Amino acid sequence: MRAALAPGVRLLRALPRDSRYRGLTLVLTFLSYTSYHLSRKPISIVKSQLHPNCSALGPNPHNDSNSSTWCSWAPFDGDNYKELFGALDNAFLVAYAIGMFISGIFGERLPLRYYLSGGMVLSGLFTALFGLGYFWDIHVLWYFIVVQVCNGLVQTTGWPAVVACVGNWFGKGKRGLIMGIWNSHTSVGNILGSLIAGAWVSSAWGLSFVVPGIIITTVGIICFFFLVEYPEDVDCSPPLHHVSVTTSEKDPEAVTSNEGPLSLSGQSSVDHSHSPKEPAEEPEAISFLGALRIPGVVEFSLCLLFAKLVSYTFLYWLPLYIVNVAHFGAKEAGDLSTLFDVGGILGGIFAGLISDYTGGRATTCCVMLVVAAPMLFLYNHVGQNGIGTSIAMLIICGALVNGPYALITTAVSADLGTHESLKGNAKALSTVTAIIDGTGSVGAALGPLLAGLISPTGWNNVFYMLIAADVLACLLLARVVVKEARGWCGYMARKRGY
């Protein structure tokens, strides 16, 4: 007797065709960028093992004269180890920032599936090569620097590709909430990366890199076989990136959204994009300068520069800060640092939900950045007073720091990449995303570098730097916030019949 159809298959068959493929796109892109961040996180966990507190391990069994660093991994066994760690971070992040500006241009001109899958396989290779330095007993700085530079370049394939894929499938309606939930891949990747790296950090730290390298390569191969770039490729309906006039009259929220920073005027229009797969009607990819002229791109890019500076400083230095200040072991510090990313998940969802409801992407970012500054100050001064306090402060700071960062790199990038001024040109999303995230990556490179230079003078000064960056990020959005406020005032005046 033949068994009944599996419940999961029956559920899939009950869903509309478009929903099935949208769900598949969300899942695959989520897993893709989760694996990207999973492969970036191990370096922050392994730092404390490359230069540990050797005196806590007992006497030097080798009886060398350099008794204080006998258990450290050369070349990170000198007094300048923090500067060398900063150089490792900077090698990756500077290469990432430079490559990102180029990556978006290639992403618009190459098949996204090939571009994403190839980048993931190469990222897995270079991540594993860093860990193989342990098994090959490599102690020269240039090897680790070169691997970090190569990894930074190939990892730029990820973000423009996944945002472009999601933007191709989802319209503006509830994009903030959908992409806020979807963007939790960043924090999920950081958490998994911390846990995986922590499992081997004290025994064989090379596996902390080799295992994530295998994971990202495997996910890249899966994406190559299953990812669908455009709805038209599988006879699905393309989304509407703008709201029609009749919809605006019925939905006040839609009017507010269209009168925010992402519109050229108070009027809205329907995106009548033709299929990008029709050669006769396919528009040319937008130029770099053309993307910069889209209203809001420059402001959000510069804001992200400082917001990402703060986020990536925590990403790369938080475990070491916990080890030095709270005196936890390397594994415990890595596990505790994941709470910052738990807060990041909550912050990204909250920011997307609020910005969808109010239509104020910039205002949502500014409010969270303003509140984040005093929270960072409090975490530095009272965050280590007890495990309960530390847990609460890490979650709160993670939500406030990563919320604006998540909103800008997802919903805002997708909004600007499908802006009304493009008149239906679907060939701008990857370029706009790359410009915004590339500018943010400059801050991501500066943050860990400055932390490495400033931390010898005291952790207080590092936090003052982070607070100043948060304030600057907020100020750079002032013009866009004013524009949003005027849009709200205009809407309220029309609603009251003025």
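Below is a table of values for the structure above.
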quantity	calculated
The lone exception for Val442 - which of (1) touching a residue at least 24 places away in the same chain (Cβ under 8 Å); (2) more than 24 Å from Ser413 (Cα to Cα); (3) open to solvent by 20 Å² or more (accessible area, probe 1.4 Å) it fails	(2)
Pairs, first over 18 Å from Leu28 (Cβ atoms) in the stretch 108-131, second charged (D, E, K, R) and outside any helix (DSSP H, G or I), C-beta under 8 Å, six or more apart	Glu108/Lys427
Criterion violated by Trp70 - all others in (1) at pLDDT below 80; (2) of a type outside the set (Lys, Arg); (3) closer than 30 Å to Leu304 by Cα satisfied	(3)
Residues within the stretch 319-343 that are open to solvent by 40 Å² or more (accessible area, probe 1.4 Å) and of a type outside the set (Phe, Trp, Tyr), tallied	7
Count of the stretch 477-492 residues which are surrounded by fewer than 17 Cβ atoms within 10 Å (Cβ to Cβ) and either in a loop (DSSP other than H, G, I, E, B) or β-branched (Val, Ile, Thr) (or both)	1
Number of the exception - Gly347 against (1) under 21 Å from Gly386 (Cβ atoms); (2) open to solvent by less than 50 Å² (accessible area, probe 1.4 Å)	(1)
Where a residue in the stretch 356-377 is assigned to a loop (DSSP other than H, G, I, E, B) and its partner, wherever it lies, is among the β-branched types (Val, Ile, Thr), with Cβ under 6 Å and at least six apart	Gly359/Thr256
Matching residues in the stretch 378-387 - criterion: being open to solvent by 50 Å² or more (accessible area, probe 1.4 Å) and in a helix (DSSP H, G or I)	Leu378, His381, Val382, Ile387
Complete set of residues in the stretch 192-214 that are modelled with pLDDT under 95, β-branched (Val, Ile, Thr) and open to solvent by 30 Å² or more (accessible area, probe 1.4 Å)	Ile196
Residues (out of contact with any Leu (no Cβ under 9 Å at 6 or more places or on another chain) and closer than 20 Å to Phe30 by Cα) located in the stretch 132-163	Thr156, Trp159
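The values are calculated or read from the model by the stated rules, or taken from the named source; none is laboratory data. Every value quoted in this text rests on a predicted model; they were computed, and no experiment measured them. A quick note on method: Cβ atoms are made from the backbone with ideal geometry, for glycine too, and the neighbour counts reach across all protein chains shown. Heads up: the accessible areas ignore ligands, DNA and RNA and are worked out on the full protein's heavy atoms, side chains in. Shrake-Rupley method; radii C 1.70, N 1.55, O 1.52, S 1.80 Å.
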